[in-house]
1. Of all residues in the range 59-82 being surrounded by 14 or more Cβ atoms within 10 Å (Cβ to Cβ) and without any contact (Cβ under 8 Å) to a residue 40 or more places away in the chain, which is farthest from the ligand (Cβ to nearest atom)?
2. Could you check the range 84-106 and list, in sequence order, the residues that are more than 12 Å from the ligand (Cβ to nearest atom) and within 20 Å of Arg22 (Cα to Cα)?
3. For the range 80-133, name all the residues that are assigned to a loop (DSSP other than H, G, I, E, B) and of a type in the set (Val, Ile, Thr).
4. With the condition kept exactly as written, say whether any residue in the range 88-95 is buried (at least 21 other Cβ atoms within 10 Å of the Cβ) and within 23 Å of Leu193 (Cα to Cα).
5. Yes or no: Ala141 assigned by TED's automatic domain parsing to the domain that holds Asp35, more than 30 Å from Gly257 (Cβ to Cβ) and either at pLDDT below 95 or not in a helix (DSSP H, G or I) (or both)?
6. Can you tell me which residues in the range 5-22 are among the aliphatic types (A, V, I, L, M) and either open to solvent by less than 20 Å² (accessible area, probe 1.4 Å) or away from the ligand (no atom under 16 Å from the Cβ) (or both)?
7. Exactly one condition in (1) more than 27 Å from Asp163 (Cβ to Cβ); (2) modelled with pLDDT of 95 or more is false for Leu107; which is it?
8. Anything in the range 41-58 that is out of contact with any helix residue (DSSP H, G or I) (no Cβ under 9 Å at 6 or more places or on another chain) and surrounded by fewer than 19 Cβ atoms within 10 Å (Cβ to Cβ)? List them, or say none.
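The values are calculated or read from the model by the stated rules, or taken from the named source; none is laboratory data. Fair warning: this is a prediction, and the values are worked out from it, not measured in the lab. With ideal geometry, Cβ positions are generated from the backbone for all residues, glycine too; neighbour counts draw on all protein chains shown. The protein model used for the area step is the full one, side chains on, heavy atoms only, and it has no ligands, DNA or RNA in it. Shrake-Rupley method; radii C 1.70, N 1.55, O 1.52, S 1.80 Å.
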Amino acid sequence: MDEPVVLVERPAAGVGLVRLNRPRALNALNGPLMDGLMDTLAEMDRDSAIRCMVITGSDRAFAAGADISEMAQATPAEMIEMAFIARWERLRAIRKPVIAAVSGFALGGGCELALACDLIVASESAVFGQPEINLGVIPGAGGTQRLARTVGKALTMEMVLNDRRLTAVEAERFGLVNRVVPTADYLDAAVTLASQIAARAPVAAQAAKDAVNVALETPLAVGLAYERNQFYALFSTEDQKEGMAAFLEKRAPSWQGK
Ligand code: CAA
């Protein structure tokens with residue numbers, strides 16, 4: 001029987017873990033793998049017992065990009081028809097925080113998948129790059145856009161024009177990843193971070209994620225107005241009443257997620 005293309009675990013309270021599982025192809029992101037990943041994330045997003053998610057691969061490869069064998073002979077119409085990139089949009093619709101736990105190759109679509117997550121924990125052996133130029137194409141799932149917004153124009157140009165690859169330490173220095181940890185520890189570190197986020201006020205966590213993402217897409221005045229409205233809206237939650245009462249009563253809050 002074929003191995004499942006994604007493996008699902010619950011490594012800690014409130015945390016859902018999805019592992020990309022095509023190790024022989026270095027987790028090349030083919031249609032079944034991307035559909036499996038997106039279906040799993042959507043399911044976890046609906047599951048009230050999960051408050052933060054982690055996506056990981058293997059120690060050798062987070063993902064070595066979109067599956068080249070799947071697209072090598074395709075026409076533009078076929079690429080559209082198989083929703084080659086369009087299926088990635090489902091990740092943008094996930095409301096709960098998503099952490100990428102990255103080790104080894106994060107190339108092409110693998111780098112773009114990590115960039116589409118909310119936080120990145122990297123192992124010392126992680127390598128980030130957009131080598132699509134070597135295939136006669138450009139990044140298609142956010143590489144030029146998210147990298148430019150994250151590490152700036154100069155470095156992005158080098159990465160997409162000349163296959164400049166970043167070590168984990170460089171990626172941390174340029175603000176692409178949140179932290180770098182020894183390869184033996186990166187998954188535990190990501191799960192610990194996810195547990196900490198999962199223990200926080202859930203509705204506020206979703207609003208915080210949403211508002212930060214809006215910052216990347218709107219002029220400042222619009223973003224500030226959006227943030228202010230979200231802030232006011234949270235006063236309709238029980239968690240806001242509980243959080244502020246707990247502070248005033250000098251006790252730990254008990255979040256209800258409503
Ligand atoms: N698609 C399909 N198969 C891939 C793959 C990919 N992106 N990356 C690796 N594989 C497969 C290899 O074909 C090989 O399979 P076989 O054993 O059946 O030959 C297996 O994974 C192991 O790979 P290598 O033997 O090449 O391993 P290596 O250690 O020598 O090299 C590597 C590792 C540097 C990551 C190299 O595999 C590589 O350069 N891969 C392609 C990276 C790439 O170009 N990614 C961008 C893809 S395009 C894209 O992602 C578009 C987008 O924006 C969405």
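1. Taking the candidates together, the pick is Met79.
2. Taking the range 84-106 as the starting set, the residues that turn out to be more than 12 Å from the ligand (Cβ to nearest atom) are 89-103.
Across the range 84-106, the qualifying residues are Leu91, Ile99, Ala100, Ala101, Val102, Ser103.
3. Step one: of the range 80-133, the residues assigned to a loop (DSSP other than H, G, I, E, B) are 82-85, 93-97, 103, 108, 117-118, 124-126, 130.
Ile85, Ile94 - these are the residues of the range 80-133 that are assigned to a loop (DSSP other than H, G, I, E, B) and of a type in the set (Val, Ile, Thr).
4. Of all residues in the range 88-95, those buried (at least 21 other Cβ atoms within 10 Å of the Cβ) come to 88.
Narrowing the set further to residues that are within 23 Å of Leu193 (Cα to Cα) leaves none.
No, every residue in the range 88-95 fails to be buried (at least 21 other Cβ atoms within 10 Å of the Cβ) and within 23 Å of Leu193 (Cα to Cα).
5. Values: assigned by TED's automatic domain parsing to the domain that holds Asp35: yes; more than 30 Å from Gly257 (Cβ to Cβ): yes; either at pLDDT below 95 or not in a helix (DSSP H, G or I) (or both): yes.
So Ala141 passes the test.
6. So the first thing to find is which residues in the range 5-22 are among the aliphatic types (A, V, I, L, M), and the list is 5-8, 12-13, 15, 17-18, 20.
Within the range 5-22, Val6, Leu7, Val8, Ala12, Ala13, Val15, Leu17, Val18, Leu20 meet the criteria.
7. (1)
8. Once the filter is applied, which keeps residues that are out of contact with any helix residue (DSSP H, G or I) (no Cβ under 9 Å at 6 or more places or on another chain) and surrounded by fewer than 19 Cβ atoms within 10 Å (Cβ to Cβ), the range 41-58 yields Glu43, Asp45, Arg46, Asp47, Ala49.
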